[in-house]
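What follows is a short report on a single structure.
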Amino acid sequence: MPTHNIVSLSGGKDSVATGLVAEALEVPNLQGVFADTGHEHELTYEYIHYLETVFSFPIRRVKADFTEQIARKRRYVEVTWRKQDVPESIVLAALDVLHPTGIPFLDLCIWKGRFPSTKSRFCTEELKRNPIIEQVFIPLMTPGNMVISWQGVRADESIDRRFLPECDEVGGGLFNYRPILKWDVAAVFEAHRYAGIKPNPLYLQGAGRVGCMPCVNCGKDELREIGARWPKEVARVREWERLVSLASKRGSSTFFTATNDPTVHKRDDVDFKTHGIDRMIEWANTTRGGREFDMLKMLDRADAPNKCASAYGLCETYQKIPVSLIDDAVA
Ligand code: SF4
């Protein structure tokens, strides 16, 4: 039976290790697929280019397109919001911003009039899962074909993943395969080292995981690193908060849920100007309770752009691979 092997590559360590396994096994019709959310760090885009030069298989890029949904939302705002007596200034502001930008993450949020959150994580499905299924898997799922989706997930990442099977059938000739399910983090980086492939440089700069920058699941420590190291990414989110707020019936939407900040009370007047990304980074620099600043961490962070801060101790690991690769990785 003709078989197609597709590795989902995010630019993170686990997806790369999965690609290395598939490549080593010399499986037929192997290709990588990268779902571009438009919200990745520029180093991840560079890293995907690098992977194209070191992997023996092609990497296809896919993007979600929300043009139709945004056009439908325009009609809804014009008719239904007006019927609902939404103030005309809010209707006009929304109509002004309801145009596709071609940036999937931003267009998704403009369409929804809000950002995804840890409780409503529609981003993974809309930006990653659906484009890969619709643009890559479905065209290959013709009668008599088998499609194997290689997924870089590990059991020790979360409770949900702990109980995943190594292999399962989705239907229609599509199967999931998770070859590194039982691997630990050390094995993942060892696979990079063994193959002479450098990891995504973000791991050497304090990132615990690679994905959207930032991810809605980003923790306090990671957010502090992002605030100190990557002002460009923070500025992008700040501008997106302004645009998505215009598309929102409330007139405001913040990237992170403002109530994550323990100093926010129910009665407080909260909007994207008072509790947007800048306030959350300020909060990330505080100690428990969110009121006192952790001066030691702040002094440390002031020097952050110059430091190597791998959450996985890669600085030591990567002393074992050629110096040129280390230089590139930490550059
Ligand atoms: S990386 Fe985070 S923000 Fe991006 S799609 Fe996944 S869950 Fe959503």
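What follows draws every value from the coordinates through simple rules; no lab data is involved. Since the structure is predicted, the reported quantities are computational estimates derived from the model, not experimental observations. Please note: Cβ atoms are built from the backbone with ideal geometry, for glycine as well, and neighbour counts cover all protein chains shown.
Annotations for the structure displayed:
- Contour excess over end-to-end distance, with Cα ends at Ala71 and Ser120 and 0.36 nm allotted per residue: 15.3 nm
- Net charge of neighbours whose Cβ lies under 10 Å from the Cβ of Ile48, counting Lys and Arg as +1 and Asp and Glu as -1: -3
- Given Lys13/Lys63; Lys13/Lys273; Lys63/Lys273; Lys119/Lys249; Lys112/Lys273; Lys128/Lys232, the pairs whose alpha carbons are separated by over 27 Å: Lys13/Lys273; Lys63/Lys273
- Counted residue by residue at 0.36 nm each, then reduced by the alpha carbon distance between them, the extension gain from Asn145 to Glu169 reaches 7.3 nm.
- Highest to lowest packing among 246-256, 176-186, 123-133, scored as the average C-beta count within 10 Å: 246-256, 123-133, 176-186
- In this rough spin-label picture, where each label sits 7 Å from Cα along the Cβ direction, the His99-Glu26 distance is 5.4 nm.
- FRET E, pair Asp184, Thr80, Förster distance 51 Å, beta-carbon r, rounded to 0.05: 0.50
- Per residue convex hull volume, Cα atoms of the stretch 121-246, in Å³: 160
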